[in-house]
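Structure record follows, encoded as C-alpha cells.
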Amino acid sequence: MKLTFFGTGTSSGNPSLGCDCRVCSSDDPRDRRLRTSALLETERGTRVLIDCSPDFRYQMLRWISTLTVDSPFRNFLSKAKQSNCIPQLIDGVLVTHFHYDHVGGLDDLRPFCIAQPMPIYADAKTCDYIRDKYPYCFYESEYTFVPRFHTIKLFPLKSFRIRELSVLPLQVLHGQMPILGFRIGKMAYLTDLKTLPEENLSYLHGLDTLVIDALQRGGNHPTHENIQDALALVERLAPRRTFLIHMSHNAGCHSEAQAFLPPSVSFAYDELVVEIPE
Ligand SMILES: [Zn+2]
Ligand SMILES: [Zn+2]
Ligand SMILES: [Zn+2]
C-alpha cells in the first residue's frame, strides 16, 4: 500500500502566521507544512483518508495535479456526468480526534460524497462533535450540493474493515484526552499524542512504518511529544523506519534534521509518498 502525506504540520501550519524565523521563512518546500493528514491507498484501489485538515481542498487539488491523466481522480465529476456513473473514490475517513486541524476540511469532501454518504470512522466523542458541527450532512435538505456523512463509532482494540483493509484503533493520550491512533497492517499512524499507554505497546511490534507525532525539538509540551519523546518510543517499538509528523517551526528545518535523527527516522514532508508492504 501507499501512504501520501497530505500535510505534516502542527495546528497552525508552517509557516506560522506572523513569524519569520528560519523555518517559517525557509524556501525549502519541505519546510512548508500544511495541517496533518494523509491518504492511504492499497493495490486493490481502496483509499482511506486519515484526518481531514482545514487544508484538505488545497491538499487534494495539489495531489490530483501530480496524477497522470488516466487517474480516476482527474476530472472525475465531468467524467461521471458523461458516463452517468459516479465512482466512490474515497472509501472512508479515519478521524483521530475532533480538533479543528483534523476535521476542519470535512465540508470539502462534498464531491466525494455523491455516490453514497462518506463513512467517517471515529470515537464516540468525535462522531458527536461532527454531527453537532455539520448537522446538514446527516439529513436530506433542499441544498443538493452538501456533503453526506455516515458516522461509524470506533472502540479501542476493536478492529474493523474498510473493504480489504483491517484497521485496529488504539487509544493514545493527547495530554489528558484519549484519542485514536491506527494500526493498519505493517503501518501505525499515531498523531497528536503525548503518551502511549503501556498496554498498547504489544500491538505495535513488527511495524514496517511508524508515523508519529513529534511537535518540536526539545522543550516540554503538555499535549504533544517532542522529537526526543518520539525517538524514545521508536527505540522501544523498533519499526523498520519512522516518519515524524505534526511538526511546528520549533522542530527545525528539514535539511538539518538528519544530522540529529537516527538513520531510520526522518521528518515526513508534504506530498511525500511512501510504499508500505501489505
Ligand atoms: Zn493536531
Ligand atoms: Zn516560525
Ligand atoms: Zn489535537
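Taking every residue in region 245-266 that is among the hydrophobic types (A, V, I, L, M, F, W, C) and pairing it with any residue that is in a strand (DSSP E or B) and within 15 Å of ligand 2 (Cβ to nearest atom), at least 6 positions away or on another chain, the pairs with Cβ-Cβ distances below 7 Å are Met247/Gly9; Met247/Arg33. So is His224 more than 27 Å from Trp63 (Cα to Cα), touching a residue at least 40 places away in the same chain (Cβ under 8 Å) and crowded, with 22+ Cβ neighbours inside 10 Å or not? Judged against the criteria, His224 is a match.
Of the listed requirements (1) assigned to a helix (DSSP H, G or I); (2) open to solvent by 10 Å² or more (accessible area, probe 1.4 Å); (3) within 16 Å of ligand 1 (Cβ to nearest atom), Ala230 misses just one: (2).
Selection within region 195-218: residues that are at pLDDT 95 or above and over 27 Å from Glu278 (Cβ atoms). The member of this set that is surrounded by the fewest Cβ atoms within 10 Å (Cβ to Cβ) is Glu198. Filtering Val103, Val23 for residues that are in contact (Cβ under 8 Å) with a residue 40 or more places away in the chain and either at positive phi or within 16 Å of ligand 3 (Cβ to nearest atom) (or both) leaves a single hit, Val103. Scanning region 14-48 for residues that are more than 15 Å from ligand 2 (Cβ to nearest atom), surrounded by fewer than 18 Cβ atoms within 10 Å (Cβ to Cβ) and of a type in the set (Gly, Ala, Ser) yields a single hit, Gly45. Only one of the numbered conditions (1) buried (at least 21 other Cβ atoms within 10 Å of the Cβ); (2) more than 16 Å from ligand 1 (Cβ to nearest atom); (3) within 20 Å of Tyr203 (Cβ to Cβ) is not met by Arg241, and that is (1). Output the residues belonging to region 14-56 that are in contact with a strand residue (DSSP E or B) (Cβ under 8 Å, 6 or more places away or on another chain), of a type in the set (Asp, Glu) and either within 16 Å of ligand 1 (Cβ to nearest atom) or within 21 Å of Gln258 (Cα to Cα) (or both). Those that are in contact with a strand residue (DSSP E or B) (Cβ under 8 Å, 6 or more places away or on another chain), of a type in the set (Asp, Glu) and either within 16 Å of ligand 1 (Cβ to nearest atom) or within 21 Å of Gln258 (Cα to Cα) (or both): Asp31, Asp51, Asp55.
Looking across region 101-111 at every residue that is open to solvent by less than 40 Å² (accessible area, probe 1.4 Å) and modelled with pLDDT of 95 or more, the one that is nearest to Arg33 (Cα to Cα) is identified as Asp101. Selection of region 2-13 for residues being open to solvent by 10 Å² or more (accessible area, probe 1.4 Å) and either part of a loop (DSSP other than H, G, I, E, B) or within 16 Å of ligand 1 (Cβ to nearest atom) (or both) yields Thr10, Ser11, Ser12.
Leu89 - would you say it is under 22 Å from Met177 (Cβ atoms) and open to solvent by less than 40 Å² (accessible area, probe 1.4 Å)? In short, no. The set of residues in region 155-194 that are without any contact (Cβ under 8 Å) to a residue 40 or more places away in the chain, outside any strand (DSSP E or B) and buried (at least 22 other Cβ atoms within 10 Å of the Cβ) contains only Leu193.
The values are calculated or read from the model by the stated rules, or taken from the named source; none is laboratory data. It should be emphasised that the depicted structure is a prediction, and the values quoted were computed from it without experimental measurement. Cβ: placed from backbone, ideal geometry, glycine included. Neighbour counts: every protein chain shown. Quick note on the areas: whole protein, heavy atoms, side chains included, nothing else; ligands and nucleic acids left out. Shrake-Rupley method; radii C 1.70, N 1.55, O 1.52, S 1.80 Å.
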